[in-house]
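Read through the structure below, which is laid out as structure tokens, and then see the notes.
Where a number appears in this text, it was derived from the coordinates with a stated rule and is not lab data. Just so you know, these numbers come straight off a predicted model, no measurement behind them. Cβ placement follows ideal geometry from the backbone for every residue including glycine, while neighbour counts extend to all protein chains displayed.
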Amino acid sequence: MCGIIGIVSDKGNIKGRIIEGLKRLEYRGYDSAGVAIKTDSKIFVHKKKGKVYQMEEELKGANFPSRVGIGHTRWATHGEPSDPNSHPHSDCRGEITLAHNGIIENYQELKEELRGKGHRFRSQTDSEVIAHLLEEYTGEGANFLDALKRTVNRLEGSFALVILNSKEDALYFARKDSPLVLGLGEGENFAASDVPAFLPWTNRVIFLENGEMGKLTPSGVEIYKFSGEKIDKPPTTITWSLAQAEKSGYKHFMLKEIHEQAKAIGDTVNPRINRDRNSVVIEELPISPTEINHILIIACGTSYHAGLVGKFYLEEIAGIKTEVDYASEFRYRKPVLPPSTLTIAVSQSGETADTIGALRKARQGSKSLAICNVLGSSITREADATLYTHAGPEISVASTKAFTTQLSLLLLLALYLGRERGIITPEQEADLVSKLLALPSKIEQMLRSQEEKIRQIGIEISSYRNALYLGRHLNYPIALEGALKLKEISYIHAEGYPAGEMKHGPIALIDESLPTVFIATESKVLDKVRSNMEEIKSRRGRIVSLISGKQPAIEELSDGVIRVPQVDEYLYPIINIIPLQLVAYYAADFLGHDVDQPRNLAKSVTVE
Ligand code: F6R
């Protein structure tokens, strides 16, 4: 996730306003920053690793008489954070320059093709191929819009683009699966990843849809479909304050990030699927799949809970014995690592001190793999190899989209290992892959139909001092994670427990003052979970159930029901956590807590 902005204006101060806009987009990434400004018939580019304010310092005093420019603030995905990998990127002659947000999945093959035609690449990014493709097509005599149309139709993956060429005082743009909004001013127009970037100058906006592209001049806007058909889109006037706009209208980053999960899962999964066979592509493993004898997962907090689900995936689908350990415990034990162990360190930030410590210890006797969301972070530098989640920056302290993307990646890893080891057939792999690819739309469907009900349940839970979360098998870690979410942002004490263990102790707590949240979606252990519900009901405990399909007996026992769509049993953990994140969010918000920055917590725990 990166931030992009473009301004085309008769009013001047292009440089100052691009920098101002980028500062309001820095929540989308801050690995590097850059601007490109057209003066006369040349494009001036300045880009650097580091934050926007550093670039601002370096450009202090530089004055550019200009009508058009673009800017970018980067969340690195392909190529480490560095000066050459910073945006904007240019073609061979420096006549076409662009800023990109998204991931170009077929960039390797396009790069090969363009290299073959003599194009010279200066960065390791996926984005640079777009500038060279445009160069190739404009070189064939096409006008710029035609070249853009041909270019976008060759790109696979996601992109929001703002583009300059040295011949025109115009800004070109295109959008597919990454956000892009136009802002319409007086004698000036804007394009940006998000409304706050240009909100001080206009509140008349056009939200672009997938498959739309076009051209902005100071006085006009032209919008086309990728097919070339011209379309009319009336602007809407938005009434958000600047603070609201940074969260895209959501009250908190946590709520925004919960809603981003469908896209984050798609961004993590899609680049790893060979669509011809619906098979998983993983090339980064530091040890051959058939050599792995044992897997050790080390992580903390929410990432540890992802590891617990990963154990089910890796044992059941890949047939590999898997152990999961708290990094803070593992690092001070005398571990016995069987030969041919693969250690997997799971971390959103890549900077958690305990996970780094545990990884160092594990590397003394095993090969290591990081599952991480932050490119170039410490854990990715120390591990032998890394698989990245593409959740985009997680701003809220309570982790949400990092968790569901970690689960998705662990499932892909298990499918890949299972196939390579002959534990599952390619048909079984393809079946689960196609179901995983369909999951984002099921998540969106659930949010649309259930969010109001979940909000009411959250408000009801906020009136209790304690809560119990029960789940079994694949959903036991989800009970742990649901309880962690509730306690960390609402400060209500919550206990996650394996449902079958309840009778061995916690049942003593049950009375009308302790609500129990049951994860009761379809599974082979559902009948047993229902018996646990009966035990609670007969002790006057209140029950909230997460169900899928028709479950009249469970509904009868429940005081509140949240419905999730029916999915494959292995996908339930990924979808089930989302309503539990929302229950915690709405409980905390109702209690008036600072949801995004809960007391005593930090986003990155870089101390022991
Ligand atoms: C909970 C939460 C923490 C982190 C933990 C590990 O919402 O965010 O429990 O999961 O501190 O952090 P990472 O994944 O960055 O290593």
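Its alpha carbons considered, the chain gives a radius of gyration followed by a Dmax of 25.3, 80 Å. Annotation: average projected area of segment 374-447 is 6.5 square nanometres, based on the convex hull of Cα atoms across all directions.
Here the label points at ASN153 and ASN466, each 7 Å from Cα along the C-beta direction, are separated by 6.6 nm in the simple model. When the Cα positions of SER127, ALA345, GLN54 are compared along the charge dipole of the chain, GLN54 comes out farthest toward the positive end, with charges on each C-beta of Lys, Arg, Asp and Glu. What's the whole-number percent of alpha carbon pairs in segment 253-590 lying beyond 25 angstrom? When every Cα pair of segment 253-590 is considered, 50 percent fall beyond 25 Å. Karplus-based coupling profile of segment 335-344, in residue order and whole Hz: x, 10, 9, x, x, 6, 7, 10, 9, 10, with θ = phi - 60° in 6.51 cos²θ - 1.76 cosθ + 1.60 and x standing for Gly or Pro.
For the chain, the longest principal axis of the C-alpha atoms and the axis of helix 572-590 are separated by about 80°. In plain terms, the chain from ASP559 to LEU591 could stretch by 9.4 nm, reckoned as 0.36 nm per residue minus the Cα-Cα distance. Dipole of segment 3-244 computed with +1 at Lys/Arg Cβ and -1 at Asp/Glu Cβ about the Cα centre; of PRO88, PRO235, ILE14, farthest Cα towards the positive end is ILE14. First measure r as the distance between the Cβ atoms of ASP177 and ALA62, then evaluate 1/(1 + (r/R0)^6) with R0 = 41 Å and state the FRET efficiency to the nearest 0.05. Working from the Cβ atoms, E equals 0.70. In order along segment 106-120, the phi-based Karplus estimate (6.51 cos²θ - 1.76 cosθ + 1.60, θ = phi - 60°) of 3J(HN,Hα) comes to 9, 5, 4, 5, 5, 5, 4, 4, 6, 4, x, 9, x, 6, 10 Hz; Gly and Pro are listed as x. Considering only VAL397, VAL324, THR380, and ranking their Cα positions along the charge dipole of segment 253-590 that arises from unit charges at the beta-carbon of Lys, Arg, Asp and Glu, the one farthest toward the positive end is VAL324. Considering helices alone, the calculated mean residue ellipticity of the chain at 222 nm is -11000 deg cm²/dmol, with DSSP H runs of length four and up weighted by -39500 (n - 2.57) and normalised per residue.
Just check segment 324-427 against the gyration tensor rule for me: Cα atoms, a ≥ b ≥ c as the square roots of the eigenvalues, rounded for a/c under 1.5, and otherwise prolate or oblate depending on whether a/b exceeds b/c. Oblate, because a/c is 1.5 or more while a/b does not exceed b/c.
Extension gain, GLU80 to GLU444, is 127.8 nm, computed as 0.36 nm per intervening residue step minus the present C-alpha separation.
Simple spin-label estimate for GLU569 and LYS524 gives 0.4 nm between the two label positions (7 Å along the Cα-to-Cβ direction from each Cα).
For the pair ASP431 and ARG93, label points projected 7 Å from Cα toward Cβ lie 5.6 nm apart.
For the residues ARG331, ARG448, ARG74, what sequence is obtained by ranking on other C-beta atoms within 10 Å, fewest first?
Ascending number of Cβ neighbours within 10 Å: ARG448, ARG331, ARG74.
Rounded to whole Å, the principal axis extents of the Cα atoms in segment 3-244 read 49, 42, 33, largest first. Expressed as an acute angle from 0 to 90° and rounded to the nearest 10, what is the orientation of the C-alpha long axis of helix 353-363 relative to the principal long axis of the chain? Tilt relative to the chain: about 80 degrees. Placing a label point 7 Å from the Cα of ASP276 along the Cα-to-Cβ direction, the residues of segment 414-457 whose backbone N falls under 17 Å of that point are 426-427, 430. Remark: ASP325, ASP276 ranked as ASP276, ASP325, counting other beta-carbon atoms within 10 Å and listing the fewest first.
A full extension of the chain between VAL336 and ARG122 corresponds to an added length of 72.4 nm, given 0.36 nm per residue minus the alpha carbon distance. Counted over segment 294-348 with a bin width of 10 Å, the fraction of Cα pairs per bin, in whole percents, is 26, 56, 18, 0. Summing Cβ point charges (Lys, Arg +1; Asp, Glu -1) relative to the Cα centre of the chain gives a dipole of roughly 580 debye.
Sorting GLU135, GLU95, GLU534 from the fewest to the most surrounding beta carbons within 10 angstrom yields GLU534, GLU95, GLU135.
Quick note on segment 79-202: its Rg to Rh ratio, both from C-alpha atoms and Rh being the Kirkwood radius, is 0.97. Measuring between their Cα centroids, segment 457-475 and segment 383-425 lie 26 Å from each other.
Going down the list LYS225/LYS263; LYS233/LYS263; LYS176/LYS435; LYS15/LYS42; LYS23/LYS247; LYS47/LYS117, which pairs span over 20 Å between their C-alpha atoms? Violating the 20 Å limit, Cα to Cα: LYS225/LYS263; LYS233/LYS263; LYS176/LYS435; LYS47/LYS117. For segment 209-314, place one equal point scatterer on every Cα, skip the solvent, and apply the Debye formula. What is log10 of I(q)/I(0) at q = 0.11, 0.16, 0.21 Å⁻¹? Listed by q, the Debye log ratios stand at -0.73, -1.06, -1.31. Counting only aspartates and glutamates at least 8 places from LYS49 when in the same chain, those with an alpha carbon closer than 15 Å to its own are GLU26, ASP31, GLU57, GLU58, GLU80, ASP83.
With θ taken as phi - 60° and the Karplus curve 6.51 cos²θ - 1.76 cosθ + 1.60 applied, the whole-hertz 3J(HN,Hα) list for segment 403-417 is 4, 5, 6, 4, 4, 4, 6, 5, 5, 4, 4, 5, 5, 5, 5 Hz, x standing for glycine and proline.
Comparing segment 70-134 with the 2.2 N^0.38 Å rule of thumb, its C-alpha radius of gyration ratio is 1.01 (two decimals).
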